[in-house]
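Okay, structure first, notes after.
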Amino acid sequence: MTVNGEAVEYRLDPDTPLLWALRDASNLTGTKYGCDSRDCGACTVIIDGRAVPSCSVTLRELDGAQVTTIEGLSPDRSHPVQQAWLAEQATMCGYCEPGFIMAIAALLQASATPSDEQIAALPNICRCGAYPRIRKAIARAAATAPAAPQQQS
């Protein structure tokens, strides 16, 4: 697989969840452990263009996959979602932040102007309740991000 643009071959049990390979073998600790049941979104990464909870996919399933973590989204934190997140002061405790940013980045890549339904469908949880600021950050990022390719219906 490729992680953040670099070829990686993990010499771990093929049933190891991607989350633990990233954190323990690659020292990419921005991907957070939250629930281990796909419920919170703290471990969200982008795999082949889609937001995926990394606790839910094993190394066995990722042969040839392109994986992007929060560290690879924009090393200088200049990605429109990261900039909007800061501008709208969406961070409270920060634990959900990397997963939310990755999910929002994937959403905006798929749809330049996501609907309220698409935004509400994000499975990520913010235990601090910063949802109004997160929604403002999504709107700001959508307004400043490069246009996503139009999808065929």
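Nothing in this text is a laboratory measurement; each read-out follows from the coordinates by a stated rule. Model, not experiment: these values are computed from the prediction. All Cβ positions, glycine included, derive from the backbone under ideal geometry; neighbour counts span all protein chains shown.
Each Lys and Arg contributes +1 and each Asp and Glu -1, all at the Cβ; summed about the Cα centre of the chain, the dipole is approximately 560 debye. In a fully extended conformation the segment linking Glu6 and Ser37 would gain 8.4 nm over its present Cα-Cα distance, using 0.36 nm per residue. Placing +1 on the Cβ of every Lys and Arg and -1 on the Cβ of every Asp and Glu, with no other charges, gives the range 2-73 a dipole of roughly 180 debye about its Cα centre.
For the range 7-47, just say rounded, prolate or oblate: build the C-alpha gyration tensor, square-root its eigenvalues into a ≥ b ≥ c, call rounded for a/c under 1.5, and beyond that prolate if a/b exceeds b/c, oblate if not.
Values: a/c = 2.00, a/b = 1.59, b/c = 1.25.
Here the range 7-47 falls in the prolate category.
What does a probe at Cys93 reach in the range 109-144, counting residues whose amide N is under 16 Å from the point 7 Å along Cα→Cβ? Only 124-131 pass the distance filter. Rg and Dmax, both from the Cα atoms of the chain and both in Å, are 15.0, 43. For every other residue with a beta carbon closer than 15 angstrom to the beta carbon of Leu19, add +1 if it is Lys or Arg and -1 if Asp or Glu, then tell me the sum. So the surrounding residues net to -3.
Quick one: grab the alpha carbon gyration tensor of the range 2-73, order the square roots of its eigenvalues as a ≥ b ≥ c, and give me rounded if a/c is under 1.5, else prolate or oblate depending on whether a/b is larger than b/c. Kindly include the intermediate steps, with their values, before the conclusion.
Values: a/c = 1.37, a/b = 1.18, b/c = 1.17.
It comes out rounded by the Cα gyration axes.
Counting only Cβ charges, +1 for Lys and Arg and -1 for Asp and Glu, the dipole size of the range 80-144 around its Cα centre is about 140 debye.
Amide H to amide H, with H built 1.01 Å from N, Val45 comes under 5 Å of Val52, Ser54, counting only residues 5 or more places away or on other chains.
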